[in-house]
There are 2 protein chains.
Amino acid sequence: MLKFKLLDEKCQAEQMLGGYIKAHENIFKSVVGGETCYSDALGWLHTERWAGPAQLDRLEALADTIRNNADVFVVIGVGGSNNAARSVIEALKTADGPEIMYAGNTLSPHALCQMMARLKGRSVYIDCIAKNFETLEPGASFRILRKYLCDTYGAKEAAKRIIATGTKGSLLESLCTGHGYTFLEFPEDVGGRYTAITAVGLLPVAVAGIDIRALVKGAQAMEKSLFETPAAENIAFKYACLRSIYYDKGYALEMLASFEPQLRWFYKWWVQLFAETEGKDGRGLFPVCGEYSEELHAVGQFVQDGTPLMFETFLDVLDPGASLVIENDGIQDAFDYLDGMDFAQINRTAFEATVRAHKAKLPCLILEVQRLDAFHFGQLFYFFMLSCYLSARLLGVNPFDQPGVEAYKRWMFDGLGK
Amino acid sequence: MLKFKLLDEKCQAEQMLGGYIKAHENIFKSVVGGETCYSDALGWLHTERWAGPAQLDRLEALADTIRNNADVFVVIGVGGSNNAARSVIEALKTADGPEIMYAGNTLSPHALCQMMARLKGRSVYIDCIAKNFETLEPGASFRILRKYLCDTYGAKEAAKRIIATGTKGSLLESLCTGHGYTFLEFPEDVGGRYTAITAVGLLPVAVAGIDIRALVKGAQAMEKSLFETPAAENIAFKYACLRSIYYDKGYALEMLASFEPQLRWFYKWWVQLFAETEGKDGRGLFPVCGEYSEELHAVGQFVQDGTPLMFETFLDVLDPGASLVIENDGIQDAFDYLDGMDFAQINRTAFEATVRAHKAKLPCLILEVQRLDAFHFGQLFYFFMLSCYLSARLLGVNPFDQPGVEAYKRWMFDGLGK
């Protein structure tokens, strides 16, 4: 299970934490007790609901068919509807199986033409993920790709290659019924950014050849642990309370950092989750990420010495899952002190040194993850989703709407004559 | 040339701008007049100095040799020493020529093992970019790759495949002399983050088959224009002054946004440039990026409705360089209003709608770029480097040091027994 550490020489929030937890325990109890105020958006809270054995059987069978027939699998989705899958796939996918490509997340003709060019001559399957089937990017990309498949394979064969993930009773479901596409259910009671452990997030991961049962098991283990652990020891609630304490103290940013480049796309999922959940009513901590050690040579300067805007949450991956020793090659240079060392050790030393330097300037939280595999991605997804829900409740905002995303859409639909 | 627009219904900084420019004109005059206080770090200011005809001839000849012989070219650099090249390469590289890979920017054994695995059986050339040749990441990666080349090709052939870019008189130069590697000069008077228009940034770009003469021409055109235009109309100084005004007004973040995914790696260069230049002495605007339209479904919510922390600078690419029309495929769905539209038009409509929605909530700056090609990347590099220098001078910090990067290094070198 994840472990949680706080190193806060700066604000000494540790001393406040007990009292804060006690004062807000009612929110924790309400959330794990099954509060009814957001019940139409809490389908993700019990992972069994949308990732039970029958659902996994169907997803795995579908994934097998795709893996046996496709050179390319295009995930058409935007925001929460592709970030979770992508974060696991980019971290764990091996070279075998179809290439996973992403569409539905841009309107740039340049980007889309590049993507289309890479399909030529290859066997293509697509999954259009669109909860309300009104969002422009996936809708427009689906049109282009659907037509490409029909032109390339004929309507009948194309239909076999089209999966669509939408809500029951939606226009997207009717299209599937009418044209013979495979329909997967986008849970009505789960918003895009909470879909990691549903068909939305799981099908692409399964197509990539990653063990979705292990992923779901990780999420379920985390769910069980977080539901059974009282507020005062509950790492999700402690994390949410610390975020709230730092926000109240005037911190503007939370930086999520790690020393594993494998987490690059996970950051994007995390940023989307927190920014869209909390950034409303003129409130919220702005989420940013640090790809260390690379970005120690970039934002690292700012973190250490710039405007004191942030606290930092490190994802500490204990077992890097790889080993590479620096051997002496007989050439003396300025790095002879590294002879015989493993990069695992060097990277850990850099991590520890960074924490030591940063904790003198800003609060540092550490989340220890045993290793980066499907099981632990499941844990991370569930941990952050529950934490984010709790954090938004502490902040006093609705965790499940996104009114600010609608603002530009009105002007855009106007401009497009919708 | 780039064009500059300000849409600020929120703070009405436009009205203050004239007075602010007048009050700080001495800084502009000092910078373009050749101030001496930072003269040991201003080698980039006149692009001719490190990217003159003879230097370009040599870089192009070397790049041709590599292109004729390599399947893979590995750029070993970190921070400013690879970001500029990478931002152009990831945006403009076509499929032909060697694959460009990046090392020296991580200590993760997992990431490095993955990179090494992709070299097997392919013809490899490397460029180790290290100004002082003390930074751990490039130093350690160079060891691994140098040994791989020697083991694979033998010392003599390996030497032909090794380029090293360091300062004159450095240990890296001695290694080149001693072992027959090709040596390129890392300008002593240019810091890593200002190296876009020197051998550091230009060799990888040339190896990728991108026209470095056009890149340099763009930078030179921008240099000429910015040196000849008086402070009141000078877009670099106006931009720097606006950043300073917003910082003084209490804004914490600048968000750089565009609707072209091609700019993804350019953001990284920009963030590194500004974070390391300005984030010191407890000061500075924290630089963040928005990959729109995708991230309108993520940070977009926060930008519109969250804590009012930021102003926003849009890079508006006028000509997307591609066209993709949505044709009716006979299937009615919720997107019939898009029939016959070009994504170029849709993406522009989304951009205009976003500016319209955001400008009501936060100051919006727009930088118009004609198109994304080598010439305009050159313009962007020079524009932002000069702006950043001016901005740091207005902020009252040293634009060319990075004392905060040293803090963790001390603990790290301790831990590694250096």
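Of all residues in segment A:30-48, those satisfying the criterion of being over 24 Å from the mean Cα position of the chain (by Cα) and surrounded by 13 or more Cβ atoms within 10 Å (Cβ to Cβ) are A:30, A:35. Total residues in segment B:381-418 satisfying the condition of being aromatic (Phe, Trp, Tyr), open to solvent by less than 10 Å² (accessible area, probe 1.4 Å) and modelled with pLDDT of 95 or more: the figure is 5. I'd like to check something: does segment A:113-123 contain any residue that is open to solvent by less than 10 Å² (accessible area, probe 1.4 Å), in a helix (DSSP H, G or I) and out of contact with any helix residue (DSSP H, G or I) (no Cβ under 6 Å at 6 or more places or on another chain)? Scanning segment A:113-123, I find no residue that is open to solvent by less than 10 Å² (accessible area, probe 1.4 Å), in a helix (DSSP H, G or I) and out of contact with any helix residue (DSSP H, G or I) (no Cβ under 6 Å at 6 or more places or on another chain), so the answer is no.
Apart from one condition, residue B:176 fits all of (1) open to solvent by 10 Å² or more (accessible area, probe 1.4 Å); (2) within 14 Å of chain A (Cβ to nearest Cβ); (3) of a type outside the set (Ser, Thr, Tyr); the exception is (1). The single residue among A:324, A:362, A:338 that is farther than 30 Å from residue A:219 by Cβ and in contact with a Gly (Cβ under 8 Å, 6 or more places away or on another chain) turns out to be A:338. Within this structure, residue A:147 passes the test of being open to solvent by 20 Å² or more (accessible area, probe 1.4 Å), more than 19 Å from residue A:413 (Cβ to Cβ) and not acidic (Asp, Glu). Screening B:67, B:58, B:86 for residues that are within 14 Å of another protein chain (Cβ to nearest Cβ) and part of a helix (DSSP H, G or I) leaves exactly one candidate, B:86. Total residues in segment A:125-146 satisfying the condition of being facing another protein chain (nearest Cβ under 7 Å) and within 21 Å of the chain's Cα centre (by Cα): the figure is 1.
Based on what the data block shows, is residue B:287 within 20 Å of the chain's Cα centre (by Cα) and in contact (Cβ under 8 Å) with a residue 12 or more places away in the chain? So residue B:287 fits the description; yes.
Pairing residues of segment B:247-259 that are open to solvent by 20 Å² or more (accessible area, probe 1.4 Å) with residues that are assigned to a strand (DSSP E or B), at Cβ distances under 7 Å and at least 6 apart in sequence or on separate chains, gives B:251/B:310; B:251/B:311. Identification of helices (runs of 4 or more DSSP H) wholly contained in segment A:336-418 with 2 or more residues that are aromatic (Phe, Trp, Tyr) and closer than 22 Å to residue A:192 by Cα yields A:374-395, A:403-415. For segment A:181-237, the set of residues classified as more than 18 Å from residue A:3 (Cβ to Cβ) and touching a strand residue (DSSP E or B) at 6+ places or on another chain (Cβ under 8 Å) consists of A:181, A:182, A:183, A:184, A:185, A:186, A:199, A:200, A:203, A:204, A:207, A:208, listed by residue number. Screening A:22, A:10, A:29 for residues that are basic (Lys, Arg) and modelled with pLDDT under 95 leaves exactly one candidate, A:10.
Of the residues making up segment A:300-330, those that are more than 7 Å from chain B (Cβ to nearest Cβ) and crowded, with 16+ Cβ neighbours inside 10 Å are A:303, A:310, A:311, A:312, A:313, A:314, A:315, A:316, A:317.
Could you go through segment A:282-291 and let me know if any residue there is open to solvent by 30 Å² or more (accessible area, probe 1.4 Å) and either over 25 Å from residue B:273 (Cβ atoms) or assigned to a helix (DSSP H, G or I) (or both). Checking segment A:282-291: at least one residue is open to solvent by 30 Å² or more (accessible area, probe 1.4 Å) and either over 25 Å from residue B:273 (Cβ atoms) or assigned to a helix (DSSP H, G or I) (or both). When segment A:147-170 is filtered for residues that are facing chain B (nearest Cβ under 10 Å) and under 27 Å from the mean Cα position of the chain (by Cα), only A:170 remains. Among the residues of segment B:343-366, some residue qualifies, meaning at least one is facing another protein chain (nearest Cβ under 7 Å), open to solvent by 20 Å² or more (accessible area, probe 1.4 Å) and in contact with a Pro (Cβ under 7 Å, 6 or more places away or on another chain).
Looking for something among the β-branched types (Val, Ile, Thr), assigned to a strand (DSSP E or B) and at the interface with another protein chain (Cβ under 7 Å from one of its Cβ atoms) - is there at least one such residue anywhere in segment A:264-273?
no
Kindly indicate whether any position in segment B:200-214 is in contact (Cβ under 8 Å) with a residue 40 or more places away in the chain, of a type outside the set (D, E, K, R), within 30 Å of residue A:309 (Cα to Cα) and not in a helix (DSSP H, G or I). No. Scanning segment B:222-231 for residues that are open to solvent by 30 Å² or more (accessible area, probe 1.4 Å) and in a helix (DSSP H, G or I) yields B:224, B:225, B:227, B:228.
Within segment A:49-82, the set of residues being closer than 29 Å to residue B:292 by Cα and open to solvent by 10 Å² or more (accessible area, probe 1.4 Å) comprises A:71, A:78, A:81. Taking first residues from segment A:50-79 that are aliphatic (A, V, I, L, M) and partners that are surrounded by fewer than 14 Cβ atoms within 10 Å (Cβ to Cβ), the Cβ contacts under 7 Å between residues at least 6 apart in sequence or on separate chains come to A:72/A:122. Apart from one condition, residue A:194 fits all of (1) under 22 Å from residue A:99 (Cα atoms); (2) more than 8 Å from chain B (Cβ to nearest Cβ); the exception is (1).
For residue B:185, are the conditions met, namely being surrounded by fewer than 24 Cβ atoms within 10 Å (Cβ to Cβ), under 30 Å from residue B:367 (Cα atoms) and either without any contact (Cβ under 8 Å) to a residue 12 or more places away in the chain or touching a helix residue (DSSP H, G or I) at 6+ places or on another chain (Cβ under 8 Å) (or both)? When the stated conditions are applied, residue B:185 does not pass them. Going through (1) open to solvent by 50 Å² or more (accessible area, probe 1.4 Å); (2) touching a helix residue (DSSP H, G or I) at 6+ places or on another chain (Cβ under 6 Å); (3) closer than 13 Å to residue B:130 by Cβ; (4) not β-branched (Val, Ile, Thr) one by one, residue B:211 falls short only on (3).
For segment B:76-106, a tally of residues being under 28 Å from residue A:319 (Cβ atoms) and in contact with a Leu (Cβ under 7 Å, 6 or more places away or on another chain) returns 3. For segment A:232-239, the criterion of being open to solvent by less than 10 Å² (accessible area, probe 1.4 Å) and outside any helix (DSSP H, G or I) is satisfied by at least one residue. Residue A:277 versus (1) open to solvent by 10 Å² or more (accessible area, probe 1.4 Å); (2) of a type in the set (Ser, Thr, Tyr); (3) part of a helix (DSSP H, G or I); (4) farther than 30 Å from residue B:174 by Cα: which is the lone unmet condition? Only one criterion in (1) open to solvent by 10 Å² or more (accessible area, probe 1.4 Å); (2) of a type in the set (Ser, Thr, Tyr); (3) part of a helix (DSSP H, G or I); (4) farther than 30 Å from residue B:174 by Cα is unmet by residue A:277, namely (1).
The values are calculated or read from the model by the stated rules, or taken from the named source; none is laboratory data. Since the model is a prediction, treat every value here as computed from it, not as a measurement. So basically every Cβ, Gly included, is an ideal-geometry build from the backbone, and we count neighbours across all protein chains shown. Calculation scope for accessible area: heavy atoms of the full protein, side chains included, ligands and nucleic acids excluded. Shrake-Rupley method; radii C 1.70, N 1.55, O 1.52, S 1.80 Å.
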